[in-house]
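What follows is a short report on a single structure.
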Amino acid sequence: MIWLETSTENCTVQRTLDLIGEKWSLLVLRDAMNGVRRFDDFRRHMGLSEAVLADRLRKLVAAGILDTVPYREPGRRTRHEYRLTRKGWDLWPVMIALKQWGDRYTADAEGPPLEVRHRDCGEPVEAVVVCTADHGRLEPRQAYTKPGASAHTAT
């Protein structure tokens, strides 16, 4: 079975994009990964409407990417913070890869507005594709795709 003969009905890339592929969802994740927790802080920092933000947060919570944690400031009602789950943090390499591509192709002439560095040594962090058999970094032409266990023939 070759790629064009393979059904995309259960494509995991498509399913992932259904969960996080919308611009505001990715920006909510970016902010959450940088320590933003509260609704008003997300809204203020990102500049989007309350309705859109509430919708994206609700979808990310329903998908298990964010979790809600109650908090209460003195004299106020209980509210919720939004925190990344393990499933949410597993998207960190994706965000680093998007940032890396953006830094290379869309940054201002002075450079990127944000750097991500290794806490221990201070060097920049980057996303790379590696072979699980410890053959190191791979280039696209060094890899190939093949049908997986749940592949079906396209109809």
Can you list residues from other chains, or at least 5 along the same chain, whose modelled amide H is less than 5 Å from the amide H of His80? Tyr71
Highest GNM mean-square fluctuation, the chain, Cα pairs closer than 10 Å: which of Glu123, Glu115, Glu73? Glu73
Over the chain, what is the mean sequence separation of C-alpha contacts under 8 Å (at least six apart), divided by residue count, expressed as relative contact order in percent? 26
Provide the per-residue ³J(HN,Hα) series for the range 117-133, in order, calculated from phi with Karplus coefficients 6.51, -1.76, 1.60 and θ = phi - 60°, each as a whole number of Hz, with x at glycine and proline positions. 10, 5, 4, 6, 10, x, 7, x, 9, 9, 8, 9, 9, 10, 7, 5, 8
For the range 1-51, which semi-axes, largest first and in whole Å, follow from the square roots of 5 times the eigenvalues of its Cα gyration tensor? 34, 10, 7
Taking H as built 1.01 Å from N, whose amide H comes closer than 5 Å to the amide H of Thr6, not counting residues under 5 places away? Ala154
Over the chain: helical MRE at 222 nm, DSSP H runs n ≥ 4 each giving -39500 (n - 2.57), nearest 500: -11000 deg cm²/dmol
Enumerate the lysines that Lys23 could reach by cross-link, defined here as Cα to Cα under 22 Å, with residues fewer than 8 away along the same chain left out. Lys59, Lys87, Lys99
Quick one: net charge around Glu73, please, counting Lys, Arg +1 and Asp, Glu -1 for every other residue with C-beta under 14 Å from its C-beta. +3
Residue (of Phe42, Gly88, Leu29) at the positive-pole extreme of the chain, dipole from beta-carbon charges: Phe42
Pick from Thr68, Thr106, Thr85: which residue has the top mean-square fluctuation in a GNM of the chain where Cα pairs under 10 Å get a spring? Thr106
Debye equation applied to the C-alpha atoms of the chain, log10 I(q)/I(0) at 0.11, 0.14, 0.16 Å⁻¹: -0.62, -0.93, -1.11
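Please give the charge dipole size of the range 3-142, origin at the Cα centre, charges +1 on K and R Cβ atoms and -1 on D and E Cβ atoms. Round to the nearest 20 debye.
The calculation lands at about 720 debye.
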Burial order of peptide ranges 59-67, 88-96, 133-141, 15-23 (average beta-carbon count within 10 Å, highest first): 59-67, 88-96, 15-23, 133-141
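No lab work stands behind these numbers, since they all come straight from the coordinates. The model shown is predicted, which means the values in this text are computed figures rather than measured ones. As a convention, Cβ positions derive from the backbone with ideal geometry for all residues, glycine included, and neighbour counts pool all protein chains shown.
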